[in-house]
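The values are calculated or read from the model by the stated rules, or taken from the named source; none is laboratory data. Model, not experiment: these values are computed from the prediction. All Cβ positions, even for glycine, are placed from backbone atoms using ideal geometry, and neighbour counts span all protein chains on display.
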Amino acid sequence: MHLPIQSDDLQAQIDSFPYWYHRIELPGGHVTPGWAPMAPEAYNVPQDLTGKRVLDVGAWDGFWSFEAMKRGAAEVVAIDDFSDFLGSLGNEDRKAWENFDFCREALGYPESQCQRIEMSVYEVNPERLGEFDIVFCFGVLYHLRYPLLALDMLSSVCKDEIYIETAVCDDFSPYQGGFGKGYPGAQPVMEFYPNNEYGNNNTNWWAPSLSCLGLMTMSAGWMDVEVWKLTENPQALPHCRGFARGKKAA
Ligand SMILES: C[S@@+](CC[C@H](N)C(=O)[O-])C[C@H]1O[C@@H](n2cnc3c(N)ncnc32)[C@H](O)[C@@H]1O
């Protein structure tokens, strides 16, 4: 049995975690001191998710899982394999699900409605997880050695919509000259980073161009696909991000 966390204790408990990736609004005006997401509105996730079953891939602290719950989702399943250390975090900084569990408890969401499972995107299948109305795949695609395989796995459990956010190579390519140099326009290109070429993080493997991202999403079974950039005028590498939304049914 979990006892509700007292509001007075909440800040002290938030402060006791070594690292927060997400800024998550908790009861009593407390906010976890992470830095992501930079621009949640840019993801174009519907404000109303009433009754939806949502899969949040690579959930980390759980911002998007809790956001889905706040927007009315009937059920959220969060998965993560804890493979991303941003190229510099120590093992002691990633407390596996402890940050997520703390926020879930503070927000009062029951485990039955908002569960988390330690698993890789490659293990996703309908027998294990059932089907979802909506899949979130934010900040994950470029960390994957097999991005198309992952999209195929996600397609196998998605009845309707996928929302994807990822690094894109339209405005940054270490091979084309760095920041401000990449593959603008409609070139369906994906760059491979065998070492630390992208963001000095050796778990960054691939960055597609925006056009490539859209075509990859279509190739995995979503028909009605839209893509957009975080900004047309990125000022730094973290701004070189793109989004896709795909819908199964027209
Ligand atoms: C950059 S963070 C993004 C966190 C969150 N989705 C967001 O966008 O704010 C990437 C997350 O994906 C997870 N991840 C990386 N590869 C994965 C895989 N194969 N299966 C599941 N999760 C994975 C990492 O452990 C990390 O928590």
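Are any residues in the range 18-32 in a loop (DSSP other than H, G, I, E, B) and either more than 15 Å from the ligand (Cβ to nearest atom) or free of Cβ contacts under 8 Å to residues at least 12 places away in the same chain (or both), and if so, which ones? Spell out how you get there, then give the answer.
Of the residues in the range 18-32, the ones in a loop (DSSP other than H, G, I, E, B) are 18-21, 23-24, 26, 30, 32.
Result: PRO18, LEU26, HIS30.
Return the residue satisfying two criteria in turn: it lies in the range 130-155 and is within 14 Å of VAL54 (Cα to Cα) and of a type outside the set (A, V, I, L, M), and of such residues it is nearest to the ligand (Cβ to nearest atom). Show your work before the answer.
Quick first cut of the range 130-155, residues within 14 Å of VAL54 (Cα to Cα) only: 130-138, 154-155.
So of that shortlist, the ones also of a type outside the set (A, V, I, L, M) come out as 130-133, 136-138, 155.
On the way: GLY130: 18, GLU131: 19, PHE132: 15, ASP133: 18, PHE136: 7, CYS137: 8, PHE138: 3, SER155: 15 Å.
Across the range 130-155, the extreme among qualifying residues is PHE138.
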Inset, instruction - Six or more apart or on different chains, Cβ under 6 Å: which pairs go from a residue in the range 42-63 that's buried (at least 20 other Cβ atoms within 10 Å of the Cβ) to one that's polar (S, T, N, Q)? Could you list them? - result: ASP56/SER65; ALA59/SER65; ASP61/ASN99
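In the set LYS159, LYS95, which member is of a type in the set (Lys, Arg) and more than 15 Å from VAL54 (Cβ to Cβ)?
Values: LYS159 fails: more than 15 Å from VAL54 (Cβ to Cβ).
That would be LYS95, the only listed residue that is of a type in the set (Lys, Arg) and more than 15 Å from VAL54 (Cβ to Cβ).
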Inset, instruction - Filter the range 47-60 for residues that are near the ligand (Cβ under 8 Å from one of its atoms) and part of a loop (DSSP other than H, G, I, E, B) and give the result. - result: GLY58, ALA59, TRP60
Legend entry - Matching residues in the range 19-46 - criterion: being aliphatic (A, V, I, L, M) and under 21 Å from TYR109 (Cα atoms): ILE24, LEU26, VAL31, VAL45
Inset, instruction - All but one of (1) under 20 Å from ALA244 (Cα atoms); (2) away from the ligand (no atom under 14 Å from the Cβ) hold for MET69, so report the exception by its number. - result: (1)
Legend entry - Filtered residue count, the range 159-211, keeping only those that are of a type outside the set (A, V, I, L, M, F, W, C) and assigned to a strand (DSSP E or B): 10
Legend entry - Hits in the range 221-247 (condition: small (Gly, Ala, Ser) and either more than 18 Å from the chain's Cα centre (by Cα) or modelled with pLDDT under 95 (or both)): GLY221, ALA236
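Kindly state which helices (runs of 4 or more DSSP H) lie completely within the range 98-157 and contain at least 1 residues that are under 15 Å from the mean Cα position of the chain (by Cα) and among the small types (Gly, Ala, Ser). Even if it seems obvious, please write down each step before you answer.
Details: elements: 98-107, 126-129, 147-157.
Fully inside the range 98-157 and qualifying: 147-157.
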Inset, instruction - Test each condition in (1) touching a residue at least 40 places away in the same chain (Cβ under 8 Å); (2) more than 26 Å from CYS240 (Cβ to Cβ) for ILE164 and report the one that comes out false. - result: (2)
Legend entry - Any hit, the range 229-239, residues being in contact with a helix residue (DSSP H, G or I) (Cβ under 8 Å, 6 or more places away or on another chain) and buried (at least 21 other Cβ atoms within 10 Å of the Cβ): no
Legend entry - Matching residues in the range 206-226 - criterion: being crowded, with 20+ Cβ neighbours inside 10 Å and touching a Phe, Trp or Tyr at 6+ places or on another chain (Cβ under 9 Å): TRP206, ALA207, PRO208, SER209, LEU210, CYS212, LEU213
